[in-house]
Each structure stands twice: as structure tokens, then as C-alpha cells.
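The values are calculated or read from the model by the stated rules, or taken from the named source; none is laboratory data. Quantities reported herein were computed from a predicted structural model and do not represent experimental measurements. Note that we place each Cβ from the backbone using ideal geometry, even for glycine, and neighbour counts take in every protein chain shown. Heavy atoms of the whole protein, side chains included, go into the accessibility calculation; ligands, DNA and RNA do not. Shrake-Rupley method; radii C 1.70, N 1.55, O 1.52, S 1.80 Å.
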Amino acid sequence: MVSQEIAGVAQRILIAVRNTIMLLDQLPTGQRAEIAAIDWSVLPSDEGKRLRALGVDEGASVTIRHRGIFFGRDPIALSIGRMTVAIRRVHARAITLRPLEAVPADLPEAAE
Amino acid sequence: MTLHQPLIALVGNPNAGKSALFNALTGARQKIANYPGVTVERKSGRFSFADGRPGELIDLPGSYSLDPTSPDEAVTRDVVMGCQAGERQPEALIIVLDSANLDQHLVFALELLALGLPTVVALNMVDLAERDGLTLDPARLAADLGVPVIPTVAVRRKGLTELAAALDTVILAKQAPHAPLGEPDMRARRRRAETIAHAAIVSQTDSRRWTDRADGVLLHPFAGPIILFALLFIIFQAVFSWASPFADGLEAGAAALSEFASAVIPEGFFRSMIVDGVIAGVGSVVVFLPQIIILFFFILLMEATGYMARAAFIMDRMMAGVGLSGRSFIPLLSSFACAIPGIMATRSISDEKDRLTTILIAPLMTCSARLPVYTVIIAAFIPSTAVGPGIGMQGLVLFGLYVFGIIGAMVVALVLRSTVAKGGASGFLMEMPKYQMPRIADLAMGLWQRAWLFLRRAGTIIFAVTIGLWLLLTYPQVPEGSSMSQSEYSAAGRIAGVLEPVVAPIGFSRDIALALIPAMAAREVAVSALATTYAIDAPDEETEALALGERLAGRWSLPTALAFLAWFVFAPQCISTIAVTKRETNGWKWPIFMLTYLFGLAWVAAGITFWTATALGL
Ligand SMILES: Nc1nc2c(ncn2[C@@H]2O[C@H](COP(=O)(O)OP(=O)(O)O)[C@@H](O)[C@H]2O)c(=O)[nH]1
Ligand SMILES: [Mg+2]
């Protein structure tokens, strides 16, 4: 069936897109990923500084541990290193990820 | 012997255990002051080296880097760099690290080490690291950092002697860190920190097993909020039911004391002052000590176990609805005990507008000082009938008053966030600490401090106000055969007469106006003021012995009583709150704003209550 085919293609595109760019907001709970980029311009400058101070920065690897209560699933509890940090989804949407399995092995640590 | 006392500063990330270490090293020899011009506390204390030489230790606010994002962090930077007004540069630093979170804590440590001051590292919380299956190599860490590294457990006073000895050595040798560690930017420091942390870790198992397992339940999207609300319900239940036997005991004690005083003091001025003034007034307030202790017990327990941060996490979504964040939840919850520690706790809110809004609505949380007022009025006017299994009418009204305050606060927060405290939506960024068993000694110490503060208030402000009111109520004496009562004729009565026209429309009599004036000092004074007023007016011993509630029931109408309750939901009758607001906002603007808007709301709320109740024929 055509519609099934279209659905299949759409799903493959979706997976492909997901593997290249995924926002922290969309990371499934419990899966580890590396932060590829953070759009600092959408964060108030103090907030950006605090995020960085807590280790939420390009190159860091993070896991979503918990999502907030029922509606909205906001905020998010991230584990980073041996620490857990709570952030809001709006901020998570400014953070782009590279799923760990999609990271090429020869990529130098945290290219700058 | 030299008088020179070296200044030593404790620095590190928040929650590294600096304050715990500070307490362990200084014992009771502490002094708390403010840094000039800012609302940042300066905690200093004396400590002794092994040979008995004294040193001065300061506990600096926790920080993540020398690039501050709050006034607290700015003080930390200025002190360690030697440019804080009113402080000399420390001669040595104790950098406090959380062993279980080295790669994060070392980032700031590397920045501090680059300052080149003599330094000792306290590798703190090694007990928790062990619990989480983490073994560290302090010698390796010391070699990499170029300074002595001492494993400590601040709360069990482990490693303190070694720490003091190491400190002595580096100060005497003026020994700067020998590895030059100047890393210009945070990312480079972070990579360096990770390398050093990895080298120092001998073995580790799955991190934070305990905490993760507990969070799986306590932060569960459905179970989490249910548990939080159940807990809050238990707290309020406990405040009322657990406290009553103790409160009854205190009440009986006050009654016995008053009888004893009447028996031993000869009739006259002095007896009246002691019995009607001091014992009736102060006694009616001290009775609430058990409730305050129980409330603070739960709040301290939530803080000490690490659950408070989870409560903030769960509440963030709801707080976002009125333009605040989960960070405001902690100060607001503390405000149910007392707005003063609540307002002081707002210092942890980094966003200025958020903080201001939280300060301005904190007095709307039903603090423990309102309990005396609510309890007396409810007992006198609300029938103790059951409205359901285990739910009484009186309890329901009390609960309603709490809810009324919370709803009021939410509406006010919404309005403030779109008017005087307008600003972009702030975020919620918070480290979630590990769970841990609270230590009984810490809890007991915290409770003792709160109880003492309350009793001191009862012994000073409330005592003075009660005596003052008693004098104003007793003089001038009503002439024989006058139709006026003593309280009407007295100086206080005449002052209240001026206020009466303002509050008459909302159903308040002159007696109430009279009680409201001294209650500016503290809300609970309203009860003692009413008690004193009616004790003075009592024509004979028998009526004088009547409980305050019975007297009120005979004198006030139901609409008046309800309006009185509504008034106290909003009225900012607490000098200490105004004073702390002035201190925390650095000026008179916001305390005056707070007074105005709260009195306005109180008048309107009492008015609406009175007019509605009257129209309904209650
Ligand atoms: N188990 C354990 N708990 C500690 C230790 N040091 C501090 N704590 C606890 O960790 C929490 C944070 O400590 P605190 O001194 O307030 O940290 P600060 O923010 O650096 O001042 C408190 O609940 C302390 O009781 C330690 O060595 N072992
Ligand atoms: Mg501290």
C-alpha cells in the first residue's frame, strides 16, 4: 500500500534526522547522549553561565533521569557525571545532541 | 606570643560541606554579620591550631567559579582575590570538595589554586563516596594538585586534626601550590578536572545507586506529587494534633502560674500587671511553641534528607504557572513556619524579579503566628460538628484559611510578575543533592535555634508590647459610676477610637481596633491584647476566669469573627517581617509597598466577608 510506504519512508527520514540532530528535550529517558551544541543566544546570559558552571556544556555527556509531573513533563532531571541537575524544557530545547552511538569513534574529544 | 590571627577561608561549590566543616572546626565560637552594603552573611569563627594558636575561619558562600552570577558569589570572588570591602585577603584557603563529585568540584578548585595562595584541600564526604561504591586515592590527587589533600567527614569530625596540621604547615611555609595550574577558560579547566578526577578514582561502581532508586519513586510523574501532597497533609495534621497535649500542658502551666501569682502578690497595681499583663499576654503566645517546633521539625527534616530539592522539582511546573520557579517553593514552604526565615531563604533565588516576587508574597503563607489568632476565633465561633468521616467543621475552616492565603499569594504573584516585577520567564536550574540520613544532633540544634528565637521574641517584643498595652489600658482609671468600660475610657481606648471609623465598615468594633494596634508588633499579640482587654474589663473574678474564646463568643457577631479571620489572612502585622524585607531589598521602597498592598487586601477581604455574611443573615 502506498500510504504504508510513505509512512515507512517518513519513519526512516525521522530516524535519520533524529540520529543527526536531536534536541535534549527529545532524548528518551535513560539514554545517554553527548551535547553537540548549545544555542546560548536563547538563554539569558546568567542562566547560560550557570548551566556551564554545572557542566552542561558542549562535549558533555548527559542522561535524562526523570521528567516532571504529569502534564508538561517539565522540568527535567539530567544526570551529568555524578551529579543530577534540574533544568526546564525550554532550556533543553536550546541544546542539540549527538547520540553516543552516532558519534564516530575517531572524532576528537570535544572539538573546539 | 603574637596577636596575629591568620585568616583562613573555606571555599568550594555549594553543598560541598563547607558549613559543616566550619561548624566542626569552630564549635560554638561563631559570629554572624553582614558584608557592608550587600545582604550576604559573613560567618566567621575562631579555631585553634594543634599548638593552641588561634586563627580566624570564614565560611564563604558556595560558588562554581570566580565569574559570579549572584551577589553571594561576588563576595566569594572578592574575598579570595583580596578586594572585598571590610575583609583582608585570607592567608590560606581550605578548598572543600565533594568526593563523590570530584570532576565537577575540581573545576572551581583549579581556578582557586591558580590564585597561588597557601591551600589545603579537604576531600569531604568520603563516607558518602564509600556508600556509593567509590574509592579514591588522596595521595594521587595531592600530587596532581600540588597541595595537601586530607580526607574528611565533616559531620563526624573525621580528619579535622590532620586538616589543621596540614594548614599549619602550608601557612608557616607560605607554601603556594607548586603545580602551575593557570587554565584560562572554563572548558580547559573542566577537561583538566576530568583527567585529574579519573586518575584519583581507584574504583567505582554504578554511581548514585541509592539516590537514583529513591528518585525513581519520589520523582515519579504520578507517585511523586501524590507523595509530596500526602507529606504536606501529614505535616499540617501533625502540627494540630501532635501539638495539642503539649499546648494543653503549657496552658495549664500558665494558669497555675497566674493563680500562684495572684496568691502571693498583694492586690493592686503590681499584681494586675503580672497577672493580666505579663502572664495573660506572654502566656497566650508561648502556648504555640509546640506547633512551631513540629512545623520546623518537618522543614528541617526535608532539608537535611535532600528531599526539599525534590519538592522544588515537583512544584516547579505549578510555580511556573504564576511566573515563579520551583526555587521559590522552599522559601514559601518555610514561610508557613515563619516569613522571616522564608524571606531570608530567597537569597538562593538568582533571578532578581523572582526573588522580589517571592519576598512580597511570603507573608501570605499562613505563618505559625497566625495560628493563635485562628485557633481562638475558630474555637469560639465555629461549631465542632463533623462534616464527614474524620473531617470536622473547625479543621475545614482552618484548612480553608490556609488555602485562601495560598490562592491570594498566587494571584498576587501573577499580578506582580506582569507589573512591578515584570521580566522574562526565569529558568529553574538546580543541583539535586544526594539523599542522606539526617543526623539527630543537627536536627536538634536547628530546632533549638528556632525555639529559642521564638521564646526570645515572646520574652522581649511581646513582653514589652504587652506591658505597654496593659499600662495604656489601665490608665487613666475609669471614674466610679461611669457608663464606659475601662478599656474604652483608657488611653488605649481613645487611640483606638481614632482608628475605629476606618475599620467600622468592615465590622470591627473598638475592642478589635484596640487589639490591632499592638498586633503590629506581631500577629499573635492580637490574642494577648484581646485577653488583656477583656481581663481588665472583667467585673469580677468569675468572669475573669472565663476563657478568652467564651468571652469573644459573647461579644462578637459571627460576621465580625469571620471578617477578623479574613483580615489576618492578609494583614502584614509583623514588624520583624517588615524589617527583614527592608534588609533583604536594601531600602524602604518594597517594605512600604508590601505594607500598603497587604493592608489594602486585608481591608477588602474582611469587608467582603463581613458584608456577605451579614447579607446571608449569619
Ligand atoms: N555524610 C556526610 N554529609 C556531609 C558531610 N559534610 C557535609 N555533609 C552534609 O551535606 C549537606 C551540605 O553541607 P553544607 O555544610 O551545608 O554545605 P555547604 O553548602 O558547602 O555549606 C548537609 O546536609 C551536611 O550535613 C560529610 O562529610 N558526610
Ligand atoms: Mg554553607
message: Give all pairs with beta carbons closer than 6 Å in which a residue from the stretch B:538-557 that is modelled with pLDDT under 80 and among the acidic types (Asp, Glu) meets a residue that is open to solvent by less than 30 Å² (accessible area, probe 1.4 Å) and in a helix (DSSP H, G or I); count only pairs at least 6 apart in sequence or on separate chains.
response: B:Glu544/B:Ala535
message: Out of everything in the stretch B:315-338 that is part of a helix (DSSP H, G or I) and among the hydroxyl-bearing types (Ser, Thr, Tyr), what residue ends up being nearest to the other protein chains (Cβ to nearest Cβ)?
response: B:Ser328
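For every residue, the table says whether it meets (1) within 25 Å of B:Gly554 (Cβ to Cβ); (2) at pLDDT 85 or above; (3) in a helix (DSSP H, G or I).
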site: B:Val376; (1), (2), (3): yes, yes, yes
site: B:Val387; (1), (2), (3): no, no, no
site: B:Val397; (1), (2), (3): yes, yes, yes
site: B:Val412; (1), (2), (3): no, yes, yes
site: B:Ala421; (1), (2), (3): no, no, no
- prompt: When residues of the stretch B:53-71 are filtered for being within 16 Å of ligand 1 (Cβ to nearest atom) and away from every other protein chain (no Cβ under 13 Å), how many remain?
  reply: 5
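Results for (1) modelled with pLDDT of 95 or more; (2) within 14 Å of ligand 2 (Cβ to nearest atom); (3) not β-branched (Val, Ile, Thr), shown as yes or no for each residue.
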| site | (1), (2), (3) |
| --- | --- |
| B:Val11 | yes, yes, no |
| B:Ala24 | no, yes, yes |
| B:Thr39 | no, no, no |
| B:Arg53 | no, no, yes |
| B:Asp72 | no, yes, yes |
| B:Ile94 | yes, yes, no |
- line: When the stretch B:299-314 is checked residue by residue, the ones that are among the aliphatic types (A, V, I, L, M) and at the interface with another protein chain (Cβ under 9 Å from one of its Cβ atoms) are B:Ala309, B:Ala312, B:Ile314
- prompt: Do any helices (runs of 4 or more DSSP H) lying entirely in the stretch B:510-614 carry at least 1 residues that are polar (S, T, N, Q) and open to solvent by less than 40 Å² (accessible area, probe 1.4 Å), and which ones are they?
  reply: B:525-537, B:558-570, B:575-585
- prompt: B:Ala458: more than 30 Å from B:Ile608 (Cα to Cα) and without any contact (Cβ under 8 Å) to a residue 24 or more places away in the chain, yes or no?
  reply: no
message: Criterion first (more than 14 Å from ligand 2 (Cβ to nearest atom) and open to solvent by 10 Å² or more (accessible area, probe 1.4 Å)) does B:Leu115 satisfy it?
response: yes
query: Residues of the stretch A:41-53 being free of Cβ contacts under 8 Å to residues at least 12 places away in the same chain and either open to solvent by 70 Å² or more (accessible area, probe 1.4 Å) or out of contact with any strand residue (DSSP E or B) (no Cβ under 9 Å at 6 or more places or on another chain) (or both), which ones?
result: A:Ser41, A:Pro44, A:Ser45, A:Asp46, A:Lys49, A:Arg50, A:Arg52, A:Ala53
message: Test of understanding: among B:Asp185, B:Asp103, which residue is more than 29 Å from B:Arg439 (Cβ to Cβ) and within 14 Å of another protein chain (Cβ to nearest Cβ)?
response: B:Asp185
- prompt: Name the pairs whose Cβ atoms lie under 8 Å apart, with the first residue in the stretch B:14-26 and under 18 Å from B:Ala441 (Cβ atoms), the second acidic (Asp, Glu) and within 10 Å of ligand 2 (Cβ to nearest atom), and 6 or more positions between them or separate chains?
  reply: B:Ser19/B:Asp59; B:Phe22/B:Asp59
- prompt: Of everything in the stretch B:400-456 that's among the polar types (S, T, N, Q) and within 16 Å of ligand 2 (Cβ to nearest atom), which residue is farthest from the other protein chains (Cβ to nearest Cβ)?
  reply: B:Gln449
- prompt: Out of curiosity, is B:Met432 open to solvent by less than 80 Å² (accessible area, probe 1.4 Å) and either under 30 Å from B:Gly600 (Cβ atoms) or touching a strand residue (DSSP E or B) at 6+ places or on another chain (Cβ under 9 Å) (or both)?
  reply: yes
message: For the stretch B:213-242, give me the residue count where each residue is within 14 Å of chain A (Cβ to nearest Cβ) and crowded, with 17+ Cβ neighbours inside 10 Å.
response: 8
query: Between residues in the stretch B:110-135 that are of a type in the set (Ser, Thr, Tyr) and residues that are within 10 Å of ligand 1 (Cβ to nearest atom), which pairs lie under 9 Å by C-beta distance while being six or more apart or on different chains?
result: B:Thr135/B:Ala129
query: Quick check, is B:Ser334 surrounded by fewer than 24 Cβ atoms within 10 Å (Cβ to Cβ), hydroxyl-bearing (Ser, Thr, Tyr) and over 18 Å from B:Pro225 (Cα atoms)?
result: no
message: Looking only at strands (runs of 3 or more DSSP E) that lie completely in the stretch B:134-248, which have at least 3 residues being more than 16 Å from ligand 1 (Cβ to nearest atom)?
response: B:201-204
